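The values are calculated or read from the model by the stated rules, or taken from the named source; none is laboratory data. All of these numbers come straight from a predicted model, not from anything done at the bench. Methodologically, a virtual Cβ is constructed for each residue, glycine included, from the backbone with ideal geometry; neighbour enumeration extends over all protein chains shown. Accessible surface areas use protein heavy atoms only, side chains included; no ligands, DNA or RNA. Shrake-Rupley method; radii C 1.70, N 1.55, O 1.52, S 1.80 Å.
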Amino acid sequence: MKKFILVCIITLSCSWFANAQKFKTHTVKQGETVESIAKKYQVTASDIYSLNPDAKRKLYLDAVLIIPNVSTVASGIPTETKELIGFKSHKVQRKETLYSISKEYNVEVEDIKKHNKSLYSENLKKGDQIRIPEYKTIVSKVIPNNALKTYKVQPKEGKWGVAYKFGITVAELETLNPKMGEVLQAGDILNVPNTDSEKTMDVNYNYYTVQKSEGYYRLKVKLGLSQEQLEKLNPELKVDGLKEGMVLKVPHNVTVGDTIVKVEGTNLTSKLKNLKTKQIAVMLPFRLNRVNADSVQQAKDMIKTDRRLSVSLDFQSGVLMAVDSAKQLGISTKLKVFDTGDQLAEVSKILNSNDFSKYDAIIGPLMPNDLDRVAKALENDKIPVISPINKVTQLYENVFQTIPEPEILEHAMIQFVKDDQSRRNVVIISDNSNIAISNRLKSEFPNARQIFSKKNKEGRDAFYIMTTDLGGAFVAGKNYVFLETANEALVSNVTSMLNGLSNKNQEIILVSTNKTDAFEGVNVSNYHLANLKFHYPSIQKSLNSDQPDSFVKSYKKKYGIEPNKFAVRGFDLTLDILLRLASDDDLYKASNNSVETQYTENKFRYSKKPNGGYINEAVFIVKYTPELTIEEAKL
């Protein structure tokens, strides 16, 4: 019996010793990081995190970490990690880009940015001295046996679905399974983290894979979800933050994909496949009951004085030209035009007297309240209702708002300035009612100088700045100045001042995220705006009379005059709808975020919004020219 007990003690001791040899412990010292500790024990940070998940949140002084012992633990799937060993200095040469430098030194662009923080907000310039990180590659020799388990892929399950289920990124899943195919097959066996808290895929939600360099602002623009909304749906964001490859849960009606599809100009005329006759209704506020059909002069006078009537007639003329153009492409259209009058009761009468369930699309009404009534009535039938020139008060599931939201315009202007590789400097000027946008711009351009308009003795905004405020604000080369205001006096004050400071060695370009009426005030010089090459975002570009397209020529031939913006809008919008309907089964399928179309003055790229319909996100950046015209700006 004693001999049996002794054998048991020896066996248990050996078992404990064997387990003890698999791991070590380490007490965190001042200044240590997980990476430095991993280097000391010749393991990877992932090895340590797998056994010490709390270390992902924060590494506390004197905390005790479990460290896998490399020499005795059976090797798992080898993974590679980079260890920073030093830096090289590089002087930027003419025409060099971050991409070309990254290829020269065999590092990632993001790695260069990480160690040269200014490159996140400023562009690379000739003569800059930047640090190039040097790395050595460490092949992980161990994945602790209890850190992984195997998982059998279920039918219709993709990489992102498995990654989401186990709380890792797609890239991390691929690292754990180096021989995994591009497309998963049901029954495939994968290595996954050994966790008891597997997430379940909820069919009532959609899922989105975070792309490289995407932050909360870009996700709000793309998905229509704020940081708070994303964190509520994905609590792990509060701990880990956004990571490339992370799979996020989003509402089911948010249109997403595993990757961003590059948006390019799409020529739908080469994609026509659905050529059955399109049934379109147009609803406009002609208010013809107010027109005396027996008096030509009275009708002419009313067209001149009644803005709704003139806009409706101009818009309709463009619609009719679009129908003719579509017919030449083989698209037949059954068009019916309705007069919505000036009362909501008339819209209800139209809805009650007609069956719209077979229509492919309804363009209009123009007035937001009228459009709401139509959209709500046709929502169950899923008939698309297009708001042509106004924003809607409620974005029903079947509504297409063709006017982009202000934040889309703002983002487009910011991105344009960021994309200018020749930019040397940014200055932000605003009045005191636009501090919020000024601060948003400052967050996008951290090195920019912020200047606010002066206040009077009563503490109210006086809407001017002093020459001394601009002292030392500009550098040699290209300087962008954001001016954010709705006050004509401040625009006049600033543009006059900047015009005197701009020269061939110190170029000043004026920009604004919101071109208010103040920029067109009588006290604002168009010559100053032209000299400053004033740039701003716009839902449309100006018609070029010197180089008219086929629509402009045809319109002038038919009506004897050039089309105004409402006629062009009617043409561009209607032709786009007809081409989209002919390129797919319906307007919904033809309006994914990767399809951007452009016509005479307008372009369209629709994005599906959570709990609502579609909003056009395509905008132009336009600029004033020395000839006092406005044209599309291109880098």
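Data overview
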| item | result |
| --- | --- |
| Rounded percent of accessible protein surface that carbon and sulfur make up, the chain, 1.4 Å probe | 49 |
| Rule-of-thumb Rg ratio for the chain [Cα; 2.2 N^0.38 Å; N residues] | 1.22 |
| Anisotropy class of the range 409-546 from Cα gyration tensor, a/c 1.5 cut | rounded |
| Positive-end residue of Tyr536, Thr516, Phe400, charge dipole of the chain with Cβ unit charges | Tyr536 |
| Highest-first arrangement of 188-194, 624-630, 159-165, where packing means the average Cβ count within 10 Å | 159-165, 188-194, 624-630 |
| For the chain, size of Cβ-based charge dipole, Lys and Arg +1, Asp and Glu -1, in debye | 1340 |
| Ordering of 316-322, 406-412 by burial proxy (mean other Cβ atoms within 10 Å per residue, highest first) | 316-322, 406-412 |
| Rounded D (µm²/s) - the range 308-355, Kirkwood Rh over Cα pairs, Stokes-Einstein at 4 °C, 1.567 mPa s | 103 |
| Accessible area (Å², per residue) of the chain, counting only protein heavy atoms and a probe of 1.4 Å | 52 |
| log10 of Debye I(q)/I(0), alpha-carbon scatterers only, for the range 279-339 at 0.22, 0.30 Å⁻¹ | -0.88, -1.22 |
| Alpha-carbon spread of the range 318-471, three principal axes, descending order, Å | 67, 43, 27 |
| Protection-proxy order for peptides 382-388, 609-615, 479-485, each taking the mean of Cβ atoms within 10 Å per residue, highest first | 479-485, 382-388, 609-615 |
| Per-pair calculated FRET efficiency, R0 = 22 Å: Asn564 and Asn526 via Cβ, rounded to 0.05 | 0.60 |
| Furthest towards positive pole of dipole, Ser502, Leu470, Tyr151, structure part the chain, Cβ charges | Tyr151 |
| Spacing of the two label points (7 Å from each Cα toward its C-beta) at Lys58 and Asp339, in nm | 7.1 |
| Cut-off 13 Å between beta-carbons: net charge of the residues surrounding Ala582, Lys and Arg +1, Asp and Glu -1 | +2 |
| Computed [θ] at 222 nm, helices only, for the chain once each DSSP H run of length n ≥ 4 contributes -39500 (n - 2.57) | -10000 deg cm²/dmol |
